[in-house]
Amino acid sequence: MSLRSVELWRGEIDLVAPFRTSFGTESSRELLYVRAVGDSHSGWGECVAMVEPNYSSEYLENCVQVISRFLVPLLNGDSSADDFILRAAPIRGNYMSKACVEAALLDLTLREQNLSLAKFLGATRSRVASGVSVGIQNNLDDLVQVVGEYIALGYLRVKLKIEPDLDIELVRTIRKEFGDDLILQVDANAAYTISDANHLKQLDAFKLLLIEQPLPEDDLAGHIELSRIINTPVCLDESVTSLDTARGALDLKACSVINIKPGRVGGYLEAKKIHDLCFSRGVPVWCGGMLETGVGRAANLALAALPGFTLPGDISASSRYFTKDITKPFILEDGHISVPNTVGIGVEPLPEMLEKFRRVAVFKIVNS
Ligand code: OSB
Ligand code: MG
C-alpha cells in the first residue's frame, strides 16, 4: 500500500425521472467521491449520503466535513481498509463517510494486488439478479405504466415505495394488473408507527415478499411487535447500522430479512460481516441501493455476488437512474447485471464525466 494523497470530488447528475419516497422527492443526484491516490494506481469510493438528512441523520455536506476533519487525518501512507476502520472506531456514527473512505482504500489496495473486490469479498456468482425500486407516482395509472415498463425490461422483482394513504390500494392495483407471480415488495422508509399495525395487516392479503422499514429506525420494540401482528415478513433497512444492530434485530425477532447497504453500515467489510452472520443463520439478505452511480454500483455488485444474497436487490441498470452514468454503463441482461471481475471495483469514472465534476479538496498523506 502506498497512499500518497486523498482527493474529494463533487458533482451532480440528473435522474431520468424524479424519485419520490415517503421522505421526499429527488430529481438529481448530488455526488461526493473520495479518490485514494497511490504511486501507480488510484481507488474510488462513492458517498451515498443525500443532500438532506431525511433517509438518515447523515447528509452530504456533513460527510465532506467529517471526511476532511476527522477521517482523512487518521490515514498514513500504509493505511489499509481494515487499519482505517479500526482507527475510525472512536468516531461515532457517520457510517456513510466511513464507508466512502473505506471503499476508496479497498479499490486502491486491490488494484495494487491485482485482485477484484468480488473475489476479495468471496463472491460466488458472476451475475446478480436485478430488482427495481419504484418511487411514488402521481396516480395509479402512472404507477401501472411505470411498473409495466420495468417488467418489460426484465427486472426480476418490483419494490413499491409506500406511505400512509398510498399503500393498500396501490399494492392491490399492481397485484391485480400483473398477477400473483410478480415478486413484489414494499418500502415505507419509516413512514408508519406501531399504531398502524392493524392497517398494515391488510397487506397480508397480497403475498408480498416483504415490507421494508415500516417504522422509525430506532423503534426496535415496534418492529418486534409488528412482526408478531402481520404475516408479511419485516425487513429492516435504516435500523441496521452495524453487525451488532443486525444481530440484535434478529435475536429479538424485529425482522426476518435484512437489506444490506454498505454505506449505511460503515463499509464493505462490515457489510460482509452482516452477510456472514445472516448466511450462517439462514436469514435471507439482499443488497439495497442509494441511487448510486457506477462507482458505488460496481462495488455493490461485488457484494451482492456473495452466496447469502438470495433475494434480488435494488441494483438496477445505469439507465434506470441516469441518461449517462459516470462509469461505463451497467446493463440489464436477462434480468441480471454482470459483476465486475477485473481489478478493484472494476470500473473508473469516465474522463468526460470527471470534467464536469469539481475536485474540491486534495490532502497530502504523510507517512507516520
Ligand atoms: O430506502 O432503499 C431505500 C434510494 C435512496 C434512499 C433510500 C432508498 C432508496 C431506494 C432506491 O429504494 C434504491 C436504488 O435503486 O438505488
Ligand atoms: Mg429502503
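The values are calculated or read from the model by the stated rules, or taken from the named source; none is laboratory data. These numbers come from a predicted model, not from an experiment. Methodologically, a virtual Cβ is constructed for each residue, glycine included, from the backbone with ideal geometry; neighbour enumeration extends over all protein chains shown.
Remarks
- Positions within segment 68-90 being surrounded by 15 or more Cβ atoms within 10 Å (Cβ to Cβ) and not in a helix (DSSP H, G or I), in sequence order: L75, N76, S79, S80, A88
- Restricting V343, V347 to residues that are under 19 Å from M290 (Cα atoms) and within 22 Å of the chain's Cα centre (by Cα) narrows the list to V347.
- Residue count for segment 311-333, restricted to those that are more than 16 Å from the chain's Cα centre (by Cα) and over 15 Å from V347 (Cβ atoms): 4
- Options S57, S5, S42: the member that is more than 30 Å from V366 (Cβ to Cβ), surrounded by fewer than 21 Cβ atoms within 10 Å (Cβ to Cβ), among the small types (G, A, S) and out of contact with any Pro (no Cβ under 9 Å at 6 or more places or on another chain): S57
- Subset tally (residues that are buried (at least 21 other Cβ atoms within 10 Å of the Cβ), away from ligand 2 (no atom under 15 Å from the Cβ) and not in a helix (DSSP H, G or I)) for segment 250-274: 3
- Checklist (1) within 16 Å of ligand 1 (Cβ to nearest atom); (2) surrounded by fewer than 23 Cβ atoms within 10 Å (Cβ to Cβ) applied to C47, failing item: (2)
- Here K176 meets each of (1) over 18 Å from the mean Cα position of the chain (by Cα); (2) within 16 Å of ligand 1 (Cβ to nearest atom) with one exception, condition (2).
- Each residue in segment 124-149 was checked for being part of a helix (DSSP H, G or I) and either surrounded by fewer than 20 Cβ atoms within 10 Å (Cβ to Cβ) or outside the structural domain of C287 (by TED's automatic domain parsing) (or both), and 8 of them qualify.
- For segment 150-170, filtering for residues that are under 19 Å from P312 (Cα atoms) and either more than 15 Å from ligand 1 (Cβ to nearest atom) or assigned to a helix (DSSP H, G or I) (or both) leaves 5.
- Of the residues making up segment 275-322, those that are assigned to a helix (DSSP H, G or I) and either of a type in the set (A, V, I, L, M, F, W, C) or free of Cβ contacts under 8 Å to residues at least 12 places away in the same chain (or both) are L277, C278, F279, S280, V295, A298, A299, L301, A302, L303, A304.
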